[in-house]
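Engineer: This is the structure I have questions about; it appears just below.
The values are calculated or read from the model by the stated rules, or taken from the named source; none is laboratory data. Since we're looking at a predicted model, the values are computed, not measured. Neighbour counts run over all protein chains shown; Cβ positions are idealised from the backbone, glycine included. Protein only, heavy atoms only, side chains kept; ligands, DNA and RNA dropped before computing areas. Shrake-Rupley method; radii C 1.70, N 1.55, O 1.52, S 1.80 Å.
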Amino acid sequence: MRNMKKYTTILIVLFTFSLGMVSCEDYLDADPEMGIDGEVVYSEYYSYKGAVDRANWLVMNYVATSSNWGAYVGAMGDEQQAVKADMPVYKSINQGLWQDSNWRDFGMNFNSETNYGSDPYYNSPAGKSLKAIRAMGLAIENIEKLTDFPAEVGASPTELKNQLLGQAHALRAWHMFEVVRRYGPITLVDTTGGERKTFSSEFNFDQVKPTFQQCADLIAADCEDAVKYLPNRWKDPTDVGRLTKASAYAIEAMAYMYAASPLMNTEGDALPFGQDSYDETYAKKGIQAMVNALKLVNSGATRYKLYDKDSYMENWMSQDRAISDEALFQPVPTNSDNWNLPMNRSNSGVGWFLPQHDGGWAVFNVPTQNAVDKFETINGYPVENFSSADPSFDPKNPYDNRDPRLRSFIYCPGDKMYLADPGGGNNSTFENQAWSNPGDEGWHYKYYRGKSLVYTGYFDAGKWRKLGYNKYDNKWSQNYYRIFPLIRLADMYLGLAELGNEVYGPSSNIPEAVAAGIDVTTASQAINKIRNRVGMPDVRSEFLTDKGTFRDRIRNEWAVEFYGEFRRWRDIRRWRIAKNLLAEGIYEANVTKNADGSFSYVNKKLDVPRVFEDKHYWYPLDIKYVNMFESFKQNPGW
């Protein structure tokens with residue numbers, strides 16, 4: 001009786017679900033676990049569709065509201081820094097104080113399913129995903145009850161049923177991935193008897209944890225089921241952006257890439273924090289899933305495409321549509337409060353992305369010198385501490401002739417940040433003035449240091465902050481959609497480069513790619529596909545000599561291509577490099593204005609915290625849950 005009470009408690013806390021779908025559609029409020037007859041919910045097409053779409057709304061959307069509360073994740077790693085010392089990310093998360101934290105990315109809390117349900121201010125990603133996992137399990141298990149189909153949709157009952165079933169499998173796969181990449185391997189479905197079912201009240205949660213590879217296989221099984229049922233392309237324009245076969249392969253690929261990564265390469269539980277090498281078996285599984293996704297895209301059967309240089313920024317912002325053609329998976333673009341509709345609100349994007357001097361909050365992130373150093377010269381040479389082996393590199397103009405993505409993503413010292421000159425004085429200056437000469441400081445340096453805020457010399461630019469969206473230009477009504485893709489086509493190419501290099505090396509053929517006839521057949525070709533489309537040259541030959549040397553360039557490319565998308569925090573953990581990397585410190589650009597009007601630049605270490613021990617590779621489980629059990633253990637080190 002005592003054990004049953006424990007199991008029932010954790011079942012209620014972690015795995016129950018109350019369906020209150022965020023929408024203006026009444027049918028989305030149908031809930032078989034709130035006293036409504038399940039026969040009614042699952043027998044009729046629109047109510048069943050509402051139950052499935054609930055898991056779409058529970059997908060994390062980091063630009064769902066004007067507050068952008070999820071953006072703090074960038075400051076957990078080395079690519080961004082929170083400017084304000086009394087914010088939790090600075091005083092707690094960066095200090096390594098994670099135990100029983102429910103702040104944003106941590107915890108499994110779910111406080112509200114109001115119009116703000118997609119905002120991480122109210123619900124943690126894992127908390128939302130746990131609800132979605134159960135909701136999709138129930139939908140899958142009740143598919144045979146669906147018998148009432150509308151005639152006006154223009155599709156057969158079998159087609160409609162397959163669409164719903166495919167989405168349910170793919171969404172459950174994604175939400176399981178969201179939990180395990182934060183908390184490590186956890187049993188999230190009942191696999192008793194070889195099935196994948198929702199938990200019953202009799203399920204015994206007090207079990208030894210599975211391996212990450214076992215979790216990845218469960219995610220992949222859902223993805224493979226999804227592929228059987230999902231279309232390559234949706235016919236109805238209102239369905240564009242929904243999951244497809246390529247989306248399912250992409251989720252499978254991400255799960256296997258993580259399972260192959262050094263942190264997860266634990267040899268059972270013998271090495272709780274992994275090892276430097278990759279798991280070759282799971283790397284090959286990841287390669288095959290990536291190849292499958294790329295083969296579909298290359299065939300022309302899907303709507304997906306890799307944006308070229310001219311349309312590249314439409315990955316994150318567009319006047320035409322709220323769906324990216326490069327996004328294999330992205331959150332639902334709008335909700336009933338219209339926070340993601342065209343950015344014509346005076347406060348749209350204010351929180352976290354817009355600096356205080358431009359009308360934003362005192363709470364926001366700034367890019368670090370660590371991040372800026374990742375952007376190579378235009379000739380493909382690395383840059384470090386304002387120095388490069390590139391003969392054309394000018395240390396007095398260190399931001400010129402760099403990777404074009406640098407100034408697309410980041411405002412550097414001296415860059416113009418406005419459509420018109422604000423005028424200086426009490427207003428901002430036209431350029432980002434970063435010099436620190438005592439008594440003659442640049443405007444922005446003086447402004448932020450005068451407020452005891454961190455200033456690195458940089459501000460975020462174009463991914464989700466449109467030029468003109470500030471209190472000086474006051475061009476809030478340009479009607480741009482903000483987009484936060486969760487898996488892009490670029491993931492498949494860079495993932496193929498990463499895993500292909502680990503298994504086959506930089507320049508040898510990847511047999512799976514050759515057999516599929518896709519547009520790249522080696523790891524180096526895969527990374528160059530992403531570089532070339534923005535105007536960068538192929539990776540230089542001196543970096544293709546061995547796996548280790550090329551690995552560094554691949555990881556550098558991940559940091560550049562996905563700057564500001566909060567991947568860096570997850571990548572440095574799965575690569576098992578976060579501990580040493582963060583111990584090296586966070587850097588700013590120290591700029592000096594010379595007498596002749598030129599500038600000198602050096603890297604300077606900031607006095608900001610980044611406490612990271614081995615235990616921080618995994619988020620800690622809430623101690624009150626762990627204390628309920630004997631076999632189910634806390635994550636190592638906590």
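Engineer: Out of the residues in region 605-631 that are touching a residue at least 40 places away in the same chain (Cβ under 8 Å) and among the aliphatic types (A, V, I, L, M), state the one that is surrounded by the fewest Cβ atoms within 10 Å (Cβ to Cβ).
Structural biologist: ILE623
Engineer: Then there's this: Which residues, taken from region 499-519, are among the hydrophobic types (A, V, I, L, M, F, W, C) and under 24 Å from SER277 (Cβ atoms)?
Structural biologist: Once the filter is applied, which keeps residues that are among the hydrophobic types (A, V, I, L, M, F, W, C) and under 24 Å from SER277 (Cβ atoms), region 499-519 yields LEU499, VAL503, ILE510, ALA513.
Engineer: What number of residues within region 552-604 are touching a residue at least 12 places away in the same chain (Cβ under 8 Å) and not in a loop (DSSP other than H, G, I, E, B)?
Structural biologist: Counting residues in region 552-604 that are touching a residue at least 12 places away in the same chain (Cβ under 8 Å) and not in a loop (DSSP other than H, G, I, E, B) gives 34.
Engineer: LYS235: open to solvent by 40 Å² or more (accessible area, probe 1.4 Å) and in a helix (DSSP H, G or I), yes or no?
Structural biologist: Against the criterion (open to solvent by 40 Å² or more (accessible area, probe 1.4 Å) and in a helix (DSSP H, G or I)), LYS235 does not qualify.
Engineer: Looking only at region 62-95, which residues are open to solvent by less than 10 Å² (accessible area, probe 1.4 Å), among the small types (Gly, Ala, Ser) and under 17 Å from LEU606 (Cβ atoms)?
Structural biologist: Answer for region 62-95, where residues must be open to solvent by less than 10 Å² (accessible area, probe 1.4 Å), among the small types (Gly, Ala, Ser) and under 17 Å from LEU606 (Cβ atoms): GLY74, ALA75, GLY77, ALA82.
Engineer: Kindly indicate whether any position in region 588-601 is over 13 Å from LEU263 (Cβ atoms), hydrophobic (A, V, I, L, M, F, W, C) and open to solvent by 20 Å² or more (accessible area, probe 1.4 Å).
Structural biologist: Looking only at region 588-601, we keep the residues that are over 13 Å from LEU263 (Cβ atoms), and these are 588-601.
Keeping just the survivors that are hydrophobic (A, V, I, L, M, F, W, C) gives 589, 591, 595, 599.
Filter again for open to solvent by 20 Å² or more (accessible area, probe 1.4 Å), leaving 595, 599.
Yes.
Engineer: Filter region 372-417 for residues that are touching a residue at least 24 places away in the same chain (Cβ under 8 Å) and hydrophobic (A, V, I, L, M, F, W, C) and give the result.
Structural biologist: Answer for region 372-417, where residues must be touching a residue at least 24 places away in the same chain (Cβ under 8 Å) and hydrophobic (A, V, I, L, M, F, W, C): VAL372, PHE375, ILE378, PHE386, LEU406, PHE409, ILE410, CYS412, MET417.
Engineer: Return the residues of region 418-441 that are under 13 Å from TYR472 (Cα atoms) and in contact (Cβ under 8 Å) with a residue 60 or more places away in the chain; say none if nothing qualifies.
Structural biologist: SER428
Engineer: Here's another thing I want to ask about it. So if I check each of SER101, SER124, which one is out of contact with any strand residue (DSSP E or B) (no Cβ under 6 Å at 6 or more places or on another chain), open to solvent by less than 10 Å² (accessible area, probe 1.4 Å) and at pLDDT below 90?
Structural biologist: None of the other options fit; the residue is SER124.
Engineer: What do you reckon, is TRP443 at pLDDT below 95, open to solvent by 10 Å² or more (accessible area, probe 1.4 Å) and not hydroxyl-bearing (Ser, Thr, Tyr)? I'd like the intermediate steps shown before the answer.
Structural biologist: On the way: at pLDDT below 95: no; open to solvent by 10 Å² or more (accessible area, probe 1.4 Å): yes; not hydroxyl-bearing (Ser, Thr, Tyr): yes.
No: the conditions fail for TRP443.
Engineer: A further question follows. Out of region 52-76, which residues are assigned to a helix (DSSP H, G or I), in contact with a Phe, Trp or Tyr (Cβ under 7 Å, 6 or more places away or on another chain) and of a type in the set (A, V, I, L, M)?
Structural biologist: Matches in region 52-76: ALA71, VAL73, MET76.
Engineer: In addition: Do you know which of the residues in region 383-394 that are of a type outside the set (S, T, N, Q) and open to solvent by 70 Å² or more (accessible area, probe 1.4 Å) is nearest to LYS463 (Cα to Cα)? Talk me through it step by step, then tell me what you get.
Structural biologist: So in region 383-394, the residues of a type outside the set (S, T, N, Q) come out as 383-384, 386, 389-391, 393-394.
From what's left, open to solvent by 70 Å² or more (accessible area, probe 1.4 Å): 384, 389, 391.
On the way: GLU384: 24, ALA389: 30, PRO391: 31 Å.
Applying the filter and picking the extreme gives GLU384.
Engineer: Out of the residues in region 143-153 that are in contact (Cβ under 8 Å) with a residue 12 or more places away in the chain and either in a loop (DSSP other than H, G, I, E, B) or in contact with a strand residue (DSSP E or B) (Cβ under 7 Å, 6 or more places away or on another chain) (or both), state the one that is nearest to TYR42 (Cα to Cα).
Structural biologist: Looking at the filtered set, the residue picked out is LEU146.
Engineer: Assess whether GLY468 counts as being outside any strand (DSSP E or B), within 21 Å of the chain's Cα centre (by Cα), in contact (Cβ under 8 Å) with a residue 12 or more places away in the chain and surrounded by fewer than 20 Cβ atoms within 10 Å (Cβ to Cβ). Give the steps one after another, and end with the answer.
Structural biologist: On the way: outside any strand (DSSP E or B): yes; within 21 Å of the chain's Cα centre (by Cα): no; in contact (Cβ under 8 Å) with a residue 12 or more places away in the chain: yes; surrounded by fewer than 20 Cβ atoms within 10 Å (Cβ to Cβ): yes.
Answer is no for this residue.
Engineer: Looking at region 207-228, is at least one residue part of a helix (DSSP H, G or I), of a type in the set (Gly, Ala, Ser) and without any contact (Cβ under 8 Å) to a residue 24 or more places away in the chain? Steps first, answer last, please.
Structural biologist: So in region 207-228, the residues part of a helix (DSSP H, G or I) come out as 212-228.
Filter again for of a type in the set (Gly, Ala, Ser), leaving 216, 220-221, 226.
So of that shortlist, the ones also without any contact (Cβ under 8 Å) to a residue 24 or more places away in the chain come out as none.
Looking through region 207-228, none of the residues is part of a helix (DSSP H, G or I), of a type in the set (Gly, Ala, Ser) and without any contact (Cβ under 8 Å) to a residue 24 or more places away in the chain.
Engineer: Continuing with the same structure: Of the residues GLN95, GLN163, which is under 30 Å from TRP234 (Cβ atoms), over 22 Å from the mean Cα position of the chain (by Cα) and modelled with pLDDT of 95 or more?
Structural biologist: Values: GLN95 fails: under 30 Å from TRP234 (Cβ atoms).
The match here is GLN163.
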